[in-house]
Structure formats: structure tokens, C-alpha cells
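The block underneath contains the structure these notes are about, expressed in C-alpha cells.
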Amino acid sequence: MYKKTVTSLLLFLGALFQAQKHLPLIPYPQKIEVQQGAFTLPTIVTFDQGIDFNKFKVYQNYLKHEGFDSKISKQKQGNTISFQLLPPGISTEKNYHQLEISNNGIIIKSNSEAGYFLGFQTLLQLIQHTKDRNLPYLTIEDYSKFDYRGMHLDVCRHFFTVDEVKQYIDYLATYKMNKFHWHLTDDQGWRIEIKKYPKLTEIGGYRNGSMIGAYSDMKFDDIRYGGFYTQEQIKEVVAYAKERYIDVIPEIEMPGHAVAAIAAYPQLSCVNEQVEVGKKWGVEDNIMCPTEYTFDFLQNVLDEVITLFPYQYIHIGGDEAPKVYWQNSAFVQNRIKELGLKDNHEMQSYFIKRIEKYLNAKGKQIIGWDEILDGGLAPNATVMSW
């Protein structure tokens, strides 16, 4: 009898462990308890309290995508989704939340709106992986373990429409990411409208072909390619991300990866020659020259960028900036001596520090790729290693 009891208990615990282990949740919650029984999700899902109409529309759209209608009812009912405020002191973890599924319905508890949203994303993942609308009875506790969970999207080599960018943001939300790194300028295209410099998108927003096949083949098509986002579209995307508790970090490349800008305004280069927007991937030798014209240009650009992106960080690139043009420029070499710098690397450090000082004065912080370490790191910069 004892052996049978132990065997049964081990089988039960093993089954319970497997059930918990294989719940289709990414990232996996901090704590899960699965109970016996299942809740059948109705075809019309009712939200009974704790949510205003604007936020309900976001949740409603997610459920609609999964094939469910939804509504709000002021009266508590069975078979509903409830949002309940946790009492203070339950947890100090950021965006702590609980998800409970039982015969009383679905309850999401948190002390923050972002916590509610994260709990709802957990519920959505469960819904997406059920075939019969039956959700297991369970209790989940979770929170944001990391302050930064983000993804990068390069729209310069390959342009994405506003709707496609929104879809990408929804993917980020599904997996509880909270940062969207939007790579908006590069050699192959300038994708953000700057009203003071219309040629950035008129000329820099389009290239006369793209690389095809292997990089080593150096083959290109001759198809005009490009596009850009108006400032109103940028605001639309930022607002869409905010509704999903995602901060948007724009990347405005400097001094390298700037051929599209130089194609529009050749004065940005040390040689001031007309070039075309980059067609090949990789690194270009032609970079921005550290002249007063360039710094005025970038400050004017960043002034408009700041108004579009409320998050505190601006990514300024700083990577893969060959110094060939600087080395061959009498202006740059004389400027290095005037400033008491050692070499071209310290000139790049001067370049980045000057931009950082300007943005800091505007209440912004910079992020740069790890090449901004060369020549000396800007005092307040955040380094992103690629």
C-alpha cells in the first residue's frame, strides 16, 4: 500500500511538473501553480471592472485578433476578466502582477497599469496555444526582471510601413519587451522627416538600387527603393508603442553610416562632392566631417527628433566610422592640432562628446555603439555592444 501511495504521488507530482514545465509562456513567469480543472473561455469575453474605455480598446483588439468578441460590463459576472488593484506592500518588484484562472473567471491583479498589461499578455499566450478555449486553472506571479528588454529594427536597408512597424511592436509586447530601438538613418536611406532639411527624405530617402545575392558578389539591381516616415506617422507609432508600455529609442547615425545624409547635403562630407545614397551593405569611408556646419546641422536635426520621442534616450550610432576622409582632410588634421587631440579617434570622441553635451542640455541621454569607447568615452554615455 505504501509503495502504491508513493508511486501515485510521484506520478502526480511528475505530471504536475510536466504541466507547469510545458506551459507555452515566453518569458517564463517567476512562479506558476497549476490546479486541476479548466476554464472555458466564452466566445464573447466580458471585462467587468478596473479598466477605462481607451485601455479596453487595446485589449479588445488583441482578443479580436484571436477570434473573440469582448465587451465591458459594470456589474461583476461569472466567466469574466477582472482587473483588481493589489494592496500596497505585496511586492516591491517592478510591474508585479498576478494572473488567476479558476471557476470564478480570470482575474489579473497588479498595482500598476503596466502590470495589468503584462498579465494580459500572459493570458493571450495561453489563449493562442489552446485549441478548445479551455484554459487550465492556475495562479501565476510575475514581474519585470529587467529594466531593459528590447529589440532593434533597421528600416534603412529594408523599409517597413507604419502598419508593419505596429505589427512588430505587437510582437514585442507579446514577449513583454519594453524598448523599441528604431534605426532610422544609415548609408542606405534616411527614413525620418526633418522639416528644416527636406532633402534628407526627398533625396536621402531613396536609393537607385540594392545589393542582391552574396556580399562578395557585389551585384546590384537597378530598382529605385525607399520611403520615409512623416513626423505625424512617427508620433502615431510612438503613441501606439506607449499604449503597450514600450519606449521608443530613435537611432540617428553619426559620424559614420551617413551617406544618405551626405547625398542630400554634400557639405556634410570633408570633400563636399555629390554622391548617391548607398546601394551596398557594409561600411562606407565617406563620413560626416567635424565642421561647424555639421554640428549645426545635427543640432537642428536632433531638435526635431527630440520633439517626436519623449523617452530620455537618443541613440547616436557612432559605430564603423572609417577615418580615411578625416586623415586626408587638411581641415580635420589642423582641427585636431587646434583642439590638442592625439589622433582621429580622439576627434571622434570630441564629436560624440559635443553631441552628448548638446543633448544633455536638452534633458536627453545618449546611447552609442561600442566604438564610442575609442578615443575616450563621453562622460554620461550608455554603451551598447554589438
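The values are calculated or read from the model by the stated rules, or taken from the named source; none is laboratory data. Just so it is clear, the structure is predicted and the values come from calculations on it, not from any experiment. Positions of Cβ are generated from backbone atoms using ideal geometry, with glycine treated the same way; all protein chains shown enter the neighbour counts. All accessible areas refer to the heavy atoms of the entire protein, side chains included, with ligands and DNA or RNA removed. Shrake-Rupley method; radii C 1.70, N 1.55, O 1.52, S 1.80 Å.
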For a quick check of understanding: with a 1.4 angstrom probe and all protein chains in place, what accessible area in square angstrom does Ile223 have, to the nearest ten?
100 Å²
So for R0 = 25 Å, FRET eff. of Lys362-Ala239 from the Cβ-Cβ r, to 0.05, ends up at 0.70
What residues of segment 347-383 lie in the reach of a label at Glu292, counting those whose backbone N is under 18 Å from a point 7 Å from the Cα along Cα→Cβ?
351, 354-355, 358
Counting only heavy atoms of protein chains, what accessible area per residue, in Å², does segment 317-371 have with a probe of 1.4 Å?
48 Å²
Compute the distance from the alpha-carbon center of segment 97-113 to that of segment 266-302, in whole Å.
53 Å
At q = 0.13, 0.16, 0.20 Å⁻¹, what is the log10 ratio I(q)/I(0) for segment 300-378, with the Debye formula run over Cα points and no solvent?
-0.44, -0.64, -0.90
What is the chain's relative contact order, in percent, from Cα pairs under 8 angstrom and six or more apart in sequence?
11 percent
With every protein chain kept in the model, how would you rank Asp147, Asp343 by accessible area, 1.4 Å probe, largest at the top?
Asp147, Asp343
If you take the charge dipole of segment 107-160 about its Cα centre, with +1 on Lys and Arg Cβ and -1 on Asp and Glu Cβ, which of Ser112, Thr130, Tyr143 is farthest toward its positive end?
Thr130
Listed candidates (i) 33; (ii) 42; (iii) 37 - label of the one calculated as percent of Cα pairs over 40 Å apart
(i)
Once phi is turned into ³J(HN,Hα) by the Karplus curve 6.51 cos²θ - 1.76 cosθ + 1.60 with θ = phi - 60°, what whole-Hz value does each residue of segment 344-353 show in order, with x for glycine and proline?
5, 5, 5, 5, 5, 4, 4, 4, 5, 4
Tell me, what HN-Hα J-couplings in whole Hz come from the Karplus equation 6.51 cos²θ - 1.76 cosθ + 1.60 at θ = phi - 60° for each residue of segment 57-67, using x for Gly and Pro?
4, 5, 4, 4, 5, 4, 5, 4, 5, 8, x
In whole percent, and with a 1.4 Å probe on the protein chains, what portion of the accessible area of the chain is carbon and sulfur?
53 percent
Per the chain, cysteines lacking a partner by the 4.7 Å Cβ criterion
Cys156
When every protein chain stays in place and a 1.4 Å probe is rolled, Asp370, Asp142 sorted by accessible area with the largest first are Asp370, Asp142
Once Lys and Arg get +1 and Asp and Glu get -1 on their Cβ, which of Tyr350, Gln231, Asn208 lies farthest toward the positive end of the dipole of the chain?
Gln231
